[in-house]
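Enquirer: Once you've had a glance at the structure underneath, I'll fire off some questions.
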Amino acid sequence: MRIVRKEDLAADLLVIGGGTAGPMAALKAKMKNPALDVLLVDKATVRRGGSICRGMDAFNNVTVPGVATVQQYVDSIDLMSDGIADPNISKVVAEKSFAILRELEEWGVATFPRGADGKYMVQKFHPKGAFLAEMRGDIKPAMAKLLAERGVRTLNRTMATRLFAAGGRVAGAALFNIRSGVFQLCRAKAIILCTGGQGRFGLPDSGYLFGTFDCPFNAGEGYAMVYHAGGELANMEYNDVSPMLKDYEGPGHSTFIRHGGYLVNSLGERFMTKYSPEFLERAPSGIREQAMRTELREGRGPIYYDLRHLPAATVELIKEGIFAAERPTEKEFFALKGIDIGKDLIELTLSGPNMCGGHGPTGALVGVNAETRVANLYAAGDVASTGWGFVGAAWVFGTVAAEDAADRMPALAFAAPDEREVAAELARLKAPLGREDGFDPEELEYKVRRIVKPHLTSPKSEARLEAALRAVEGFRADLDKVRARDYHEVMKCVEVAAIIDTLEMAVRASLARRESRWGYGHYRIDYPAKDAVWEKKYAVVAKDMATGGMVTYAKPVPEYRG
Ligand SMILES: Cc1cc2nc3c(=O)[nH]c(=O)nc-3n(C[C@H](O)[C@H](O)[C@H](O)COP(=O)(O)OP(=O)(O)OC[C@H]3O[C@@H](n4cnc5c(N)ncnc54)[C@H](O)[C@@H]3O)c2cc1C
């Protein structure tokens with residue numbers, strides 16, 4: 001088995017990641033300029049890949065006119081992010097999300113149920129305003145059909161492993177087919193990165209490496225690619241810890257809460273009344289996590305979702321959304337457990353941490369057109385720091401990136417990647433296949449992810465973070481001892497390298513932010529209070545392109561332009 005480099009590919013616009021943001025970006029680029037040559041690649045398949053592979057029960061973060069306002073949305077994200085999210089980005093999401101809802105409806109890609117009053121069913125999940133619209137539909141195959149009709153070229157089972165930049169602008173990407181072992185350089189005038197967040201970070205409580213809440217294909221290569229190409233990443237210190245059904249890392253939390261479910265402890269107390277009397281279960285996620293951990297630590301666990309007070313029709317709506325629209329296996333899970341969600345308490349655990357620009361603020365630092373600091377490189381969706389944006393930000397920023405790239409395309413030209421860098425990337429991929437002996441990539445992945453929870457979950461301390469840094473050095477050395485027996489394992493070797501990169505980013509950013517913020521989103525036992533020095537400041541992680549080392553620095557969050 002060997003990896004063969006085949007002829008170079010070229011595209012005006014290369015979109016990497018065919019989950020949620022990627023297909024929207026590719027489609028919108030073609031809609032803006034049908035003459036553009038657009039190539040969309042996905043490590044899995046565009047037809048079923050990504051976080052919304054089966055569908056999604058709500059369009060989170062849509063500002064429906066007459067229901068909520070743009071300003072309410074900007075204020076809500078400001079509250080959730082404690083000021084560490086670009087308000088101008090929130091404004092773009094709020095302003096453009098409803099048009100996307102209408103387009104999805106017109107295209108027949110998704111449907112949005114209406115209530116008896118004929119209006120969209122929109123519920124509250126944020127501290128302020130109502131931004132979650134009930135959604136149905138088998139979105140991915142419908143999008144894949146539209147892409148084919150519009151002439152978007154797609155490559156499935158094709159993983160991007162590195163981006164190449166030349167003279168400060170993006171020049172292309174290394175693509176690896178995980179089935180055939182073919183390696184190709186794809187040159188592009190512009191690239192939109194839509195590879196999702198880092199879903200393979202903390203080990204899930206279930207113990208399964210790939211039984212993650214986030215799409216398990218999203219192993220953080222997007223963050224690693226931005227980093228190695230010279231981009232900046234923000235909020236890598238933020239712990240995205242989600243309340244999870246015990247023994248099943250599936251959706252539930254936002255659905256249960258937006259429909260009026262409570263969080264209760266083993267004494268039956270609705271404990272969020274103590275920790276966030278104003279926002280209750282809709283408190284910012286780090287505050288909620290801190291509350292849950294406190295309940296567990298102080299012996300009032302287990303903790304549960306309680307839906308028993310909800311009307312039967314609401315419980316049916318919840319079941320329809322989760323069991324039919326989003327995750328049919330969850331229906332089987334509850335059946336096997338003998339749990340009727342309308343009648344029984346639903347036990348939960350805290351899973352993660354993960355990293356994500358959808359459920360949190362983590363990711364590539366981008367501007368209002370999704371642009372990174374590497375010219376012609378855009379990032380959209382969970383790979384970008386678009387502050388708790390969920391599918392709303394993925395679709396909106398897929399759109400703005402594509403439209404900006406399409407507008408600028410006449411002035412763009414191909415840049416020439418450094419052939420030595422391409423050769424080095426090919427060698428990196430080939431190395432594990434050439435090893436006769438060594439350990440499996442999954443063994444290293446387990447080792448790396450095992451330290452995430454004890455070292456990075458709040459409360460964090462300098463001693464634990466420093467110990468994690470030392471472990472990272474060892475993991476990097478271990479990478480040279482991992483062998484791959486087939487192309488699939490080569491993919492896993494690339495993934496584990498990205499997991500190590502993102503671990504180092506999380507540790508260094510956690511060390512840099514010498515304060516506590518976002519409740520348990522980032523709680524330093526040695527700096528337990530907020531520090532004014534970090535007010536409205538990102539902790540940025542970037543590569544020092546001269547030395548190759550990882551650097552961190554503070555950078556002001558942009559002022560709101562209103
Ligand atoms: C279980 C769950 C429930 C959720 N519920 C909701 C909800 O109800 N409402 C809501 O609004 N949001 C919800 N979200 C969040 C929302 O789904 C995400 O924010 C959004 O889908 C992210 O879109 P994306 O395009 O960034 O990533 P994804 O849709 O995950 O797509 C990323 C794609 O990149 C591909 N990829 C990864 N690495 C590579 C690589 N190296 N090369 C090539 N391809 C690569 C993957 O295969 C994948 O197809 C939920 C998320 C999850 C995981």
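Enquirer: Would you check if there is a residue in the range 39-55 being touching a Lys or Arg at 6+ places or on another chain (Cβ under 9 Å), touching a residue at least 12 places away in the same chain (Cβ under 8 Å), under 30 Å from residue 288 (Cα atoms) and of a type in the set (Asp, Glu)?
Expert: Looking for residues that are touching a Lys or Arg at 6+ places or on another chain (Cβ under 9 Å), touching a residue at least 12 places away in the same chain (Cβ under 8 Å), under 30 Å from residue 288 (Cα atoms) and of a type in the set (Asp, Glu), one finds none in the range 39-55, hence no.
Enquirer: Mind checking which pairs have a first residue in the range 390-417 that is modelled with pLDDT of 95 or more and a second that is more than 16 Å from the ligand (Cβ to nearest atom) and in a helix (DSSP H, G or I), Cβ under 6 Å, 6 or more apart or different chains?
Expert: 403/32; 406/32
Enquirer: Need at least 3 residues that are hydrophobic (A, V, I, L, M, F, W, C), within 15 Å of the ligand (Cβ to nearest atom) and at pLDDT 95 or above per element, so show me which strands (runs of 3 or more DSSP E) inside the range 109-181 make the cut, counting only ones lying wholly within it. Walk me through how you get there before you give the answer.
Expert: Details: elements: 132-134, 153-155, 158-166, 169-177.
By residue number, 158-166, 169-177.
Enquirer: Still on this structure, I have one more. Would you confirm whether any residue within the range 174-184 is of a type in the set (Ser, Thr, Tyr) and surrounded by 20 or more Cβ atoms within 10 Å (Cβ to Cβ)?
Expert: To start, the set of residues in the range 174-184 that are of a type in the set (Ser, Thr, Tyr) comprises 180.
Among the residues that remain, those that are also surrounded by 20 or more Cβ atoms within 10 Å (Cβ to Cβ) are: none.
There is no residue in the range 174-184 that is of a type in the set (Ser, Thr, Tyr) and surrounded by 20 or more Cβ atoms within 10 Å (Cβ to Cβ).
Enquirer: Here is a check on your reading of the model: is residue 179 within 15 Å of residue 45 (Cα to Cα) and touching a Phe, Trp or Tyr at 6+ places or on another chain (Cβ under 7 Å)?
Expert: Values: within 15 Å of residue 45 (Cα to Cα): yes; touching a Phe, Trp or Tyr at 6+ places or on another chain (Cβ under 7 Å): yes.
Yes, satisfied.
Enquirer: Also, I was wondering about something else. Can you name the residue in the range 31-53 that is touching a Leu at 6+ places or on another chain (Cβ under 9 Å) and crowded, with 24+ Cβ neighbours inside 10 Å and, of all such residues, is farthest from residue 217 (Cα to Cα)?
Expert: At the first step, the residues of the range 31-53 found to be touching a Leu at 6+ places or on another chain (Cβ under 9 Å) are 36-42, 46.
Of the ones still in play, those that are also crowded, with 24+ Cβ neighbours inside 10 Å are 38, 40-42, 46.
Details: 38: 23, 40: 16, 41: 13, 42: 10, 46: 12 Å.
Applying the filter and picking the extreme gives 38.
Enquirer: Tell me whether the range 188-196 contains one or more residues that are farther than 26 Å from residue 493 by Cβ, within 12 Å of the ligand (Cβ to nearest atom) and in a strand (DSSP E or B).
Expert: Filtering the range 188-196 down to residues farther than 26 Å from residue 493 by Cβ leaves 189-190.
Now restrict to residues that are within 12 Å of the ligand (Cβ to nearest atom): none.
No: the range 188-196 contains no residue that is farther than 26 Å from residue 493 by Cβ, within 12 Å of the ligand (Cβ to nearest atom) and in a strand (DSSP E or B).
Enquirer: Tally the residues that are in a strand (DSSP E or B) and within 22 Å of residue 52 (Cα to Cα), restricting the search to the range 1-35. Step through it out loud before you land on a result.
Expert: Step one: list which residues in the range 1-35 are in a strand (DSSP E or B), which gives 4-5, 9-16.
Those left that are additionally within 22 Å of residue 52 (Cα to Cα): 14-16.
Residues meeting the conditions: 3.
Enquirer: I'd like the full set of residues that are more than 13 Å from the ligand (Cβ to nearest atom) and outside any helix (DSSP H, G or I), limited to the range 202-232.
Expert: 202, 203, 205, 206, 207, 208, 209, 230, 231, 232
Enquirer: Counting just the residues of the range 56-85 that are in contact (Cβ under 8 Å) with a residue 60 or more places away in the chain, within 15 Å of the ligand (Cβ to nearest atom) and in a helix (DSSP H, G or I), which one comes out surrounded by the most Cβ atoms within 10 Å (Cβ to Cβ)?
Expert: Applying the filter and picking the extreme gives 77.
Enquirer: Name the residues in the range 459-468 that are touching a residue at least 24 places away in the same chain (Cβ under 8 Å) and either surrounded by 15 or more Cβ atoms within 10 Å (Cβ to Cβ) or in a loop (DSSP other than H, G, I, E, B) (or both), would you? Full working, then the answer.
Expert: Narrowing the range 459-468 to residues touching a residue at least 24 places away in the same chain (Cβ under 8 Å): 459-462, 465-466, 468.
Those that are touching a residue at least 24 places away in the same chain (Cβ under 8 Å) and either surrounded by 15 or more Cβ atoms within 10 Å (Cβ to Cβ) or in a loop (DSSP other than H, G, I, E, B) (or both): 459, 460, 461, 465, 468.
Enquirer: Scanning the range 520-549 for residues that are over 22 Å from the mean Cα position of the chain (by Cα) and assigned to a strand (DSSP E or B), which turns out surrounded by the fewest Cβ atoms within 10 Å (Cβ to Cβ)?
Expert: We begin by selecting, within the range 520-549, every residue over 22 Å from the mean Cα position of the chain (by Cα); these are 524-536, 544-549.
Subsequent filtering for residues that are assigned to a strand (DSSP E or B) retains 524, 527.
Working: 524: 22, 527: 18.
Looking at residues that are over 22 Å from the mean Cα position of the chain (by Cα) and assigned to a strand (DSSP E or B), I get 527.
Let's see how each residue does on (1) surrounded by 16 or more Cβ atoms within 10 Å (Cβ to Cβ); (2) modelled with pLDDT under 95; (3) closer than 22 Å to residue 215 by Cβ; (4) in the same structural domain as residue 451 (by TED's automatic domain parsing):
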{"position": "314", "(1), (2), (3), (4)": "no, no, no, no"}
{"position": "322", "(1), (2), (3), (4)": "yes, yes, yes, no"}
{"position": "329", "(1), (2), (3), (4)": "no, yes, yes, no"}
{"position": "345", "(1), (2), (3), (4)": "yes, no, no, no"}
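Enquirer: Would you confirm whether any residue within the range 86-94 is away from the ligand (no atom under 15 Å from the Cβ), part of a loop (DSSP other than H, G, I, E, B) and within 20 Å of the chain's Cα centre (by Cα)?
Expert: The answer is yes; a qualifying residue exists.
Enquirer: Residue under question is residue 10, and the condition is that it be in contact with a strand residue (DSSP E or B) (Cβ under 6 Å, 6 or more places away or on another chain) and surrounded by fewer than 24 Cβ atoms within 10 Å (Cβ to Cβ); does it hold? So that I can check it myself, show each step before the final result.
Expert: Numbers: in contact with a strand residue (DSSP E or B) (Cβ under 6 Å, 6 or more places away or on another chain): yes; surrounded by fewer than 24 Cβ atoms within 10 Å (Cβ to Cβ): yes.
Criteria met by residue 10.
Enquirer: Follow-up. Sort out which residues of the range 242-277 are more than 27 Å from the chain's Cα centre (by Cα), in contact (Cβ under 8 Å) with a residue 40 or more places away in the chain and surrounded by fewer than 18 Cβ atoms within 10 Å (Cβ to Cβ), and write them in order of number.
Expert: Let us first name the residues in the range 242-277 that are more than 27 Å from the chain's Cα centre (by Cα), namely 264-271, 273-275, 277.
From the residues that got through so far, the ones that are in contact (Cβ under 8 Å) with a residue 40 or more places away in the chain too are 264.
The answer is none; no residue qualifies.
Residues checked against (1) within 6 Å of the ligand (Cβ to nearest atom); (2) modelled with pLDDT under 95; (3) over 16 Å from the mean Cα position of the chain (by Cα):
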position: 13; (1), (2), (3): no, no, yes
position: 16; (1), (2), (3): yes, no, no
position: 20; (1), (2), (3): yes, no, no
position: 23; (1), (2), (3): no, no, no
position: 27; (1), (2), (3): no, no, yes
position: 37; (1), (2), (3): no, no, yes
position: 43; (1), (2), (3): yes, no, no
position: 47; (1), (2), (3): no, no, yes
position: 54; (1), (2), (3): no, yes, yes
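The values are calculated or read from the model by the stated rules, or taken from the named source; none is laboratory data. Not measured: the values here are computed from a predicted model. As a convention, Cβ positions derive from the backbone with ideal geometry for all residues, glycine included, and neighbour counts pool all protein chains shown.
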